[in-house]
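Below is one structure; the comments refer to it alone.
The values are calculated or read from the model by the stated rules, or taken from the named source; none is laboratory data. Everything quoted here is computed from the prediction, not taken from an experiment. Here the Cβ is made from the backbone with ideal geometry for all residues, glycine too, and neighbour counts use every protein chain on show.
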Amino acid sequence: MAQNFRTYKLKNVGTSAVEAFGGNADSYDAIVGIRCANTTASSINFDAYITKSSVDYYLVKDAPLPSGSSLEIIAHGSKVVVESGDSLKLKSSAATSMDVLVSTVDAIST
């Protein structure tokens, strides 16, 4: 079975939560990478979490990110499986301060 890899690019993430892949996963998908980069001259903190039925499940909360650095929060073969109705959200402690790349495998099962 062919795998459908996807990359979602988020520019200038700020203090309002942003949905990484349009809001909802479909069937069962796998998040295989999340890289967050601080694009400002100051340190920031950020959150990455999955929302399901209005409940937030944090992957990281208030993670520090020094100026000009990046952090990969899912790496080295790790995966997070998401299902229909799940939403990956990211938020920074400062306005327009973070770029994010999210890599997924679409429809790993139904």
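For segment 66-77, a residue qualifies if it is small (Gly, Ala, Ser), in contact (Cβ under 8 Å) with a residue 24 or more places away in the chain and part of a loop (DSSP other than H, G, I, E, B), and the qualifying residues are Ser67, Gly68, Ser69, Ala75.
Can you tell which of Ser69, Ser78, Ser42 is of a type in the set (Ser, Thr, Tyr) and at pLDDT below 95?
Values: Ser69 fails: at pLDDT below 95; Ser42 fails: at pLDDT below 95.
None of the others qualify; the one that does is Ser78.
Residue pairs whose Cβ atoms lie under 7 Å apart, separated by 6 or more positions or on different chains, with the first residue in segment 32-55 and outside any strand (DSSP E or B) and the second not small (Gly, Ala, Ser), are Thr39/Met98; Thr39/Asp99; Ser43/Pro64; Ser43/Leu65; Ser43/Pro66.
How many of the residues in segment 71-101 are in contact with a Cys (Cβ under 9 Å, 6 or more places away or on another chain) and either over 16 Å from Ser43 (Cβ atoms) or among the β-branched types (Val, Ile, Thr) (or both)?
Result for segment 71-101: 5.
If you check Ser87 against the conditions, is it modelled with pLDDT under 95, surrounded by 15 or more Cβ atoms within 10 Å (Cβ to Cβ) and either hydrophobic (A, V, I, L, M, F, W, C) or over 13 Å from Val13 (Cα atoms) (or both)? I'd like the intermediate steps shown before the answer.
Working: modelled with pLDDT under 95: yes; surrounded by 15 or more Cβ atoms within 10 Å (Cβ to Cβ): yes; either hydrophobic (A, V, I, L, M, F, W, C) or over 13 Å from Val13 (Cα atoms) (or both): yes.
It is true that Ser87 is modelled with pLDDT under 95, surrounded by 15 or more Cβ atoms within 10 Å (Cβ to Cβ) and either hydrophobic (A, V, I, L, M, F, W, C) or over 13 Å from Val13 (Cα atoms) (or both).
Filter segment 11-23 for residues that are farther than 22 Å from His76 by Cβ and touching a strand residue (DSSP E or B) at 6+ places or on another chain (Cβ under 6 Å); which is modelled with the lowest pLDDT?
It comes out as Gly23.
Remark: pairs (first residue in segment 6-17, under 22 Å from Asp106 (Cβ atoms); second residue exposed (fewer than 13 other Cβ atoms within 10 Å of the Cβ) and at pLDDT below 95; Cβ separation under 9 Å; 6+ apart in sequence or on different chains) = Tyr8/Gly22. Within segment 50-85, the residues that satisfy the criterion of being under 27 Å from Thr96 (Cβ atoms) and acidic (Asp, Glu) are Asp56, Asp62, Glu72. When segment 94-110 is filtered for residues that are more than 14 Å from Asn12 (Cβ to Cβ) and modelled with pLDDT of 80 or more, the ones remaining, listed by number, are Val102, Ser103, Thr104, Val105, Asp106.
Of the residues Ala63, Ala95, the single one that is assigned to a strand (DSSP E or B), among the small types (Gly, Ala, Ser) and either touching a residue at least 12 places away in the same chain (Cβ under 8 Å) or surrounded by 15 or more Cβ atoms within 10 Å (Cβ to Cβ) (or both) is Ala63.
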